[in-house]
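> Just passing along the structure, written as structure tokens.
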Amino acid sequence: MTSTSRSGSGLVLGSVAGLVAALVGAAVYGAVIGVTDYEIGIAAIGVGVLVGLAMMAVRPTSPVLPALAAVFSFAGAGLGVFIGYAWEPFVNPGGSPLSELLPMAQEFPDLVAQDPVTLLFWAIAGAAGFSFVNSRVKAARESLAAPSSPQQDEAPTDYFKPHNPA
């Protein structure tokens, strides 16, 4: 791998990593809700942390990625809650899960509106994803902007010469 192919912004790879992490986090969060019948807010924040860590792993420099991390984290937490609500039709083989999914999708906004704390945890998940990736992007951009060798603008200081020869 040459240095020119390594100098990319990481936008595509970071976006793919964040999307995959959001889907994996949503599946795990949905399983937690489906098994326990409780929405555990820390698990929603965990989706945001997972997205942030996945996107940080590609060493991104694109300033677009923190916003994408926030969107992926928020959407992953929301999808996790939806999977948790839809858990019962999928584990019980008695009915058709797809026929029950459409009415559930129509009721989902009302269910979320009844519990604004859920939205708060989704927002915290988005903030977690944003902050992880934003700190990594800032550090990467600063390291690219920093000079690789010290500048020799000033003359070396002679510490043995008196400052005020009188």
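FYI, it's all coordinate maths here, none of it is from the lab. If you're wondering where the values come from, they're calculated on a predicted model, not measured in any experiment. Every residue, glycine among them, receives a Cβ derived from its backbone with ideal geometry; neighbour counts consider all protein chains shown.
> Under 17 Å from the 7 Å Cα→Cβ point of residue 16, by amide nitrogen: which residues of the stretch 40-67?
54-62, 65
> Taking H placed 1.01 Å from N in the peptide plane, check which residues at least 5 places from residue 8 or on another chain put their amide H under 5 Å from its amide H.
Counting only residues 5 or more places away or on other chains, the set is empty.
> Stokes-Einstein at 20 °C, 1.002 mPa s, Kirkwood radius from Cα pairs: D for the stretch 9-143 in µm² s⁻¹?
Approximately 142 µm²/s, per Stokes-Einstein.
> How much length is gained on full extension from residue 117 to residue 161, taking 0.36 nm per residue of separation minus their Cα-Cα distance?
Gain on stretching residue 117 to residue 161: 9.0 nm.
> What FRET efficiency do you get for residue 110 and residue 138 if R0 is 45 Å and r is their Cβ-Cβ distance, rounded to the nearest 0.05?
0.70
> Something else about it: Could you work out how much longer the chain between residue 27 and residue 131 gets when fully extended? Use 0.36 nm per residue separation minus the Cα distance between them, nm to one decimal. Don't skip to the answer; put the middle values down first.
On the way: separation 104, 0.36 × 104 = 37.44 nm, distance 2.26 nm.
Additional length available on full extension: 35.2 nm.
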